[in-house]
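The block underneath contains the structure these notes are about, expressed in structure tokens.
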Ligand code: DX5
Ligand code: ZN
């Protein structure tokens with residue numbers, strides 16, 4: 001079983017102070033930093049581009065998990081690779097098999113990982129089930145893309161379990177990342193359904209003690225994992 005990983009989402013912090021955001025992730029011993037890139041087309045918000053990723057990158061060695069909520073990932077993929085992203089996640093809704101293959105070729109040629117994200121109502125498309133071996137992380141979104149601080153949509157849980165069963169059937173050790181509204185109250189359910197990478201924006205950065213919130217989420221997730229066995 002893949003290890004539990006905590007991925008604080010800096011979207012919930014002051015975007016003008018990303019260096020402090022990553023420092024908090026380092027102090028809390030997070031496993032990766034989740035960076036939400038939104039272009040105002042794919043989802044109704046505008047966040048930041050590759051230039052903005054460079055400064056926090058200099059401040060930490062954690063895995064940079066870049067979630068591209070943009071219509072044209074092929075235009076920006078090279079820039080985010082240069083900026084220091086380690087995992088580049090693309091949305092299934094804007095791709096097909098051929099476009100995915102091209103992105104995968106670029107990312108893997110730099111030794112980096114490819115993720116595939118699904119909006120709450122999107123199922124894994126057939127072209128993706130044929131290419132699971134090329135995907136290191138499936139990101140199951142539990143809110144509509146755009147903003148931090150939304151409530152988790154629990155109706156996504158059956159899809160999460162379905163993705164987890166499919167990966168098990170295929171004998172793959174793909175990470176399953178759950179993104180949107182992760183809070184101490186729902187972490188056990190998410191882990192029980194097969195999620196192992198927990199993105200938490202408000203669940204970390206809106207807490208009084210964000211550093212402590214990272215280890216609390218980990219403790220709850222690891223306890224749920226032991227009970228699941
Ligand atoms: C939503 C983003 C999420 C979001 C998570 O568009 O993809 O990563 O920042 O934040 P919370 O955990 O507050 O829902
Ligand atoms: Zn995200």
| field | Matching entry among 48, 90 (being more than 23 Å from residue 138 (Cβ to Cβ), within 14 Å of ligand 2 (Cβ to nearest atom) and touching a strand residue (DSSP E or B) at 6+ places or on another chain (Cβ under 7 Å)) | value | 48
| said: Is it the case, given these coordinates, that residue 142 is closer than 24 Å to residue 68 by Cα, in contact (Cβ under 8 Å) with a residue 12 or more places away in the chain and within 16 Å of ligand 2 (Cβ to nearest atom)? | reply: yes
| message | Among the residues of the range 150-180, what is the count of those that are crowded, with 24+ Cβ neighbours inside 10 Å and in contact with a helix residue (DSSP H, G or I) (Cβ under 8 Å, 6 or more places away or on another chain)? | response | 1
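Regarding residue 196, is this residue in contact with a helix residue (DSSP H, G or I) (Cβ under 9 Å, 6 or more places away or on another chain) and over 21 Å from residue 67 (Cα atoms)?
no
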| said: Looking at the range 146-158, can you tell me whether even one residue there is on the phi > 0 side of the Ramachandran plot and within 14 Å of ligand 2 (Cβ to nearest atom)? | reply: yes
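Within the range 53-67, count every residue that is under 21 Å from residue 178 (Cβ atoms) and touching a residue at least 40 places away in the same chain (Cβ under 8 Å).
Count: 3.
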| message | I'd like to know if the range 76-89 contains one or more residues that are more than 16 Å from ligand 1 (Cβ to nearest atom), surrounded by fewer than 19 Cβ atoms within 10 Å (Cβ to Cβ) and closer than 19 Å to residue 194 by Cβ. | response | no
| query | Among the residues of the range 203-211, is any assigned to a strand (DSSP E or B) and within 13 Å of ligand 2 (Cβ to nearest atom)? | reply | no
| Quick one: would you say residue 199 is under 18 Å from residue 120 (Cα atoms), within 16 Å of ligand 2 (Cβ to nearest atom) and modelled with pLDDT of 95 or more? | yes
| Only one of these conditions is not met by residue 123: (1) more than 18 Å from the chain's Cα centre (by Cα); (2) within 19 Å of residue 94 (Cβ to Cβ); (3) loosely packed, with under 14 Cβ neighbours inside 10 Å. Which number is it? | (1)
| request: Go through (1) within 14 Å of ligand 1 (Cβ to nearest atom); (2) touching a residue at least 40 places away in the same chain (Cβ under 8 Å); (3) more than 14 Å from the chain's Cα centre (by Cα); (4) closer than 19 Å to residue 128 by Cα one by one and return the number of the condition residue 177 breaks. | output: (3)
| request: Tell me, yes or no, whether the range 15-25 has at least one residue that is at pLDDT 95 or above, assigned to a loop (DSSP other than H, G, I, E, B), away from ligand 1 (no atom under 13 Å from the Cβ) and surrounded by fewer than 19 Cβ atoms within 10 Å (Cβ to Cβ). | output: no
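The values are calculated or read from the model by the stated rules, or taken from the named source; none is laboratory data. As the structure is a computational prediction, the values presented were derived from the model and not from experiment. Reconstructed Cβ throughout: ideal geometry from the backbone, glycine too, with neighbour counts over all protein chains shown.
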